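First the structure, in the form of structure tokens, and then the observations on it.
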Amino acid sequence: MSNKDQLGDRKVTILKAIIKTYLETGEPVGSRTISKYTDLHLSSATIRNEMSDLEELGYIMQPHTSAGRIPSDKGYRFYVDRILQEKEDEVTEFKDLMLKRVDRVELLLKQMAKLLAQNTNYATMISAPQFHRNKLKFIQLSKIDEEKLLVVIVMEGNIIKNTMIPVSTQLSDEGLLNLNILLNNSLNGLTMEQINLDVISRMKVQAGIHSEVVDKVLNEVAEAIRADNEDLQIYTSGATNIFKYPELSDGENASRLIGTLEQKELLQELVADVNNSESDSGIQVYIGDEAPVQTMKDCSIVTANYQLGEGLRGTIGVIGPKRMDYEKVLGTLKNLMMQLDLILKNDER
């Protein structure tokens, strides 16, 4: 019998409430708490009966006779596989809608990169719109055997990554639950940049002899976020415009700069820096040594971010000499952003 057959909507709502409350508090959850948490308007007695059924089915357990319930591994698994699936369906529907527009927009962006290069007489780059889902939403550890744990990482956009990690110290069921609580209480809602040494140190102290698990999970989180950016498409145009400026056109400088415009990894560094330190105006100017990419230190770079629906964002950049016509570039970029915004809004109608 499947999970769907076993659990009706009421049990699912109660199970979700138990898991969310337990992740927040780390304390066993009672029927009175659930009656306040949900909008089912059920009596404590009815909720107790439902909780007994959930316990019998193995989704929750009672650590002590007089205590409330806590999720079991089966309950956590249900939370990831079924409850998050509801949100994943919403995101998939949204993505399908957005990606139809993305196909058209990417053709538009290629053309805009060319027009921007022609208009400014500098090199240009535009990154394709990308879902930004670097924040963590949920982490779950499940025991596969005495030496392996399954790690489920859920990021913004309900992107899910499953991976296995080895463990050298045996984990009890209670120890595993405590690690799940620690990881979620410490990391939910954070980006990789926000997971600093203080956060990691506190987690390791609280994890005690299982601090190695925290290390391995953080490595997998970092890998999941890095993998999320690997497929970023970047369009460039006007690279040969740099030969118009003597300070950039000598053999070594020109070769280095053109090579940079052809290297996806280096341009990704630039896009990442823009996304991490975007100014209130949305437009940033990097001059000389301020450039985030070493091979562009002899240049000035003007960048702006554009939005394509909720969660989709891309970057436009103009690369030229330090004696760039800033007034013209800033005006052109602002005008381009206005046109792009109008086009995208018309698409939404």
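The values are calculated or read from the model by the stated rules, or taken from the named source; none is laboratory data. Bear in mind that the values here come from a model prediction, so they are computed numbers and not experimental data. So basically every Cβ, Gly included, is an ideal-geometry build from the backbone, and we count neighbours across all protein chains shown.
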Within the stretch 191-211, which residues are touching a residue at least 24 places away in the same chain (Cβ under 8 Å) and closer than 14 Å to ASN180 by Cα? GLN206, ALA207, HIS210
Would you say GLU269 is of a type in the set (Asp, Glu), touching a residue at least 12 places away in the same chain (Cβ under 8 Å) and under 19 Å from ALA117 (Cβ atoms)? no
Please go through the stretch 101-139 and pick out each residue that is modelled with pLDDT of 80 or more, closer than 24 Å to THR332 by Cα and among the β-branched types (Val, Ile, Thr). THR120, THR124, ILE126
May I ask you to list the residues in the stretch 243-258 that are buried (at least 18 other Cβ atoms within 10 Å of the Cβ) and either farther than 23 Å from ASN119 by Cα or in contact with a Pro (Cβ under 8 Å, 6 or more places away or on another chain) (or both)? TYR245, LEU248
Some residue of the stretch 298-318 being surrounded by 14 or more Cβ atoms within 10 Å (Cβ to Cβ), modelled with pLDDT of 80 or more and among the charged types (D, E, K, R): yes
Going by the structure shown, is GLU88 modelled with pLDDT under 80 and not β-branched (Val, Ile, Thr)? yes
(1) under 9 Å from the mean Cα position of the chain (by Cα); (2) of a type outside the set (Phe, Trp, Tyr); (3) modelled with pLDDT of 85 or more: which one isn't true of SER142, the others all being true? (1)
Please find, among LEU261, LEU267, LEU232, the residue that is surrounded by 12 or more Cβ atoms within 10 Å (Cβ to Cβ) and at pLDDT below 80. LEU232
ILE70 versus (1) surrounded by 18 or more Cβ atoms within 10 Å (Cβ to Cβ); (2) at pLDDT below 85; (3) over 30 Å from MET324 (Cα atoms): which is the lone unmet condition? (2)
